[in-house]
């Protein structure tokens, strides 16, 4: 086939990937060719609601014109310089982002996993040069059932046997504790003087949208301050308005209001962003910290050929502007409450679904079956047939995370599709 040939058959497209691509994913069998707002279309022209948003990378909706225009306009002017030279976009982006999130400095990268790796390096270097831990002795606390990426270092502290098996030897220097357990956190902190940081997801997304107890994050931050340990928030999935605040660590402050100062209730020492920082248009991630922490990074310590390129800078600014100007955090709060309320009404009438949980428009339903069962997958296949795309996680949990540009009418239509589909199944 010619590389210019349009693919019009899902079966053919899937066969191409199966033959020529590595088998490191198990996608739902749908081949998408176009997206706009909350909708996507497959190669045969069938229209679907996107209820996954590329794992929250498309918070602003598919192909948002402001973000696409920023990307294409910049692509016509200058695409890449590497960091061997300055470019006229990076500084503007760094200023805009640091003022938005109230940090002194930003270190630009491309993907979420890269940003997590960057944060770990910064944390360790800070521990040796500022806290005074002996070199190569620094340890970082992480949580069980975490998901921070799939690089070798990150899978070293993963619970997922599929991500870990046969990829060792693993990287040392990590201590795993139970998520949402302040006693476990303090027990390690008070018994180990070599702790450099605590890496945590404000909501564990891949684990099934596990929302911690009220006060967990603020308590964890207080413990980190007490023991002079860096609180590192991985907001790659939860950040950029997904949970109804600009950041999930904003707690109960009014960051959903575009006129709010944005000062968070819980301010991480190191903030990790990705996914929706790109508006789903181009790989953009970032690590933010104040000068007393970011100052340990000097020329040659870290870098990326594409990190901070002009297109990424233009896209990042446009993506954040859309979130602010269209008040997407407010929309996530209102629609998230409506979604959970409507689903709870149905859940009270069935034994198929145990519960719905989440915050903002990051939600999940827990199917009343084992993780080894195919029920959640079968439900997602039926949802696809009914015009809505979602994906299971951990076997018996279905994650629901539509673009934040969704309207109330669209959300209620999606709720109707979900309930109709669930009614087709009997437990």
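Sticking to Cα atoms, compute the Rg of region 77-121 to one decimal and its Dmax as the biggest Cα-Cα distance, whole number, in Å.
Rg and Dmax of region 77-121, Cα atoms, are 12.0, 34 Å.
Once every Cα of the chain carries one equal point scatterer and solvent is ignored, give the base-10 log of I(q)/I(0) from the Debye formula at q = 0.08, 0.13 Å⁻¹, two decimals.
Here the Debye-derived log intensity ratios amount to -0.45, -1.23.
Over all pairs of distinct alpha carbons, what does the Kirkwood formula give as the hydrodynamic radius of region 370-416, in Å? All intermediate terms of the calculation are to be shown ahead of the outcome.
Numbers: mean 1/r = 0.0868 Å⁻¹.
Hydrodynamic radius (Kirkwood, Cα only) of region 370-416 equals 11.5 Å.
For q values of 0.17, 0.20, 0.28, 0.32 Å⁻¹, compute log₁₀ I(q)/I(0) with the Debye formula on a Cα-only model of region 26-73, without solvent.
The calculated log intensity ratios at q = 0.17, 0.20, 0.28, 0.32 Å⁻¹ are -0.53, -0.71, -1.09, -1.20.
Roughly what angle does helix 65-75 make with the longest principal axis of the chain, taking Cα atoms, 0 to 90 degrees, to the nearest 10?
Between the helix axis and the principal axis of the chain, the angle is about 60 degrees.
Within a 10 angstrom radius of the beta carbon, how do 10, 373 rank from fewest other beta carbons to most?
Working: 10 17, 373 13.
Lowest count first: 373, 10.
Using a 10 Å cut-off around each Cβ, can you sort 359, 275 from fewest to most neighbouring Cβ atoms? Don't skip to the end; give the middle numbers.
Numbers: 359 21, 275 28.
Least crowded to most crowded, the residues run 359, 275.
Using alpha carbons only, how many angstrom separate the centre of region 163-206 from the centre of region 31-67?
What the calculation gives is 35 Å, centre to centre.
Dividing the convex hull volume of the alpha carbon atoms of region 51-193 by its residue count, what do you get in Å³ per residue? Each step should come with its number before you reach the end.
Numbers: hull volume 27.7 nm³, N = 143.
So the per-residue hull volume is 194 Å³.
Between residue 355 and residue 105, what length in nm is gained on full extension when 0.36 nm per residue of separation is reduced by their alpha carbon distance? Mind showing how you got there, number by number?
Working: separation 250, 0.36 × 250 = 90.00 nm, distance 4.08 nm.
Going from the current span to full extension adds 85.9 nm.
In cubic angstrom, how much convex hull volume per residue do the alpha carbon atoms of region 284-427 span? Please list the in-between numbers first.
On the way: hull volume 25.4 nm³, N = 144.
So the per-residue Cα hull volume is 176 Å³.
Send over the per residue convex hull volume for region 1-130, Cα only, as a whole number of Å³.
Details: hull volume 26.4 nm³, N = 130.
Here the figure is 203 Å³ per residue.
For the chain, take the longest principal axis of its alpha carbons; what is the angle in degrees between that and the long axis of helix 10-20, to the nearest 10 within 0 to 90?
40
What is the angle, in °, between the Cα long axis of helix 182-191 and the longest principal axis of the Cα atoms in the chain? Nearest 10 is fine, range 0 to 90.
30
Every read-out reported here was derived from the displayed coordinates using simple, explicitly stated rules and does not represent laboratory data. What you are looking at is a predicted structure, and each value in this text was computed from that prediction instead of being measured. Note that we place each Cβ from the backbone using ideal geometry, even for glycine, and neighbour counts take in every protein chain shown.
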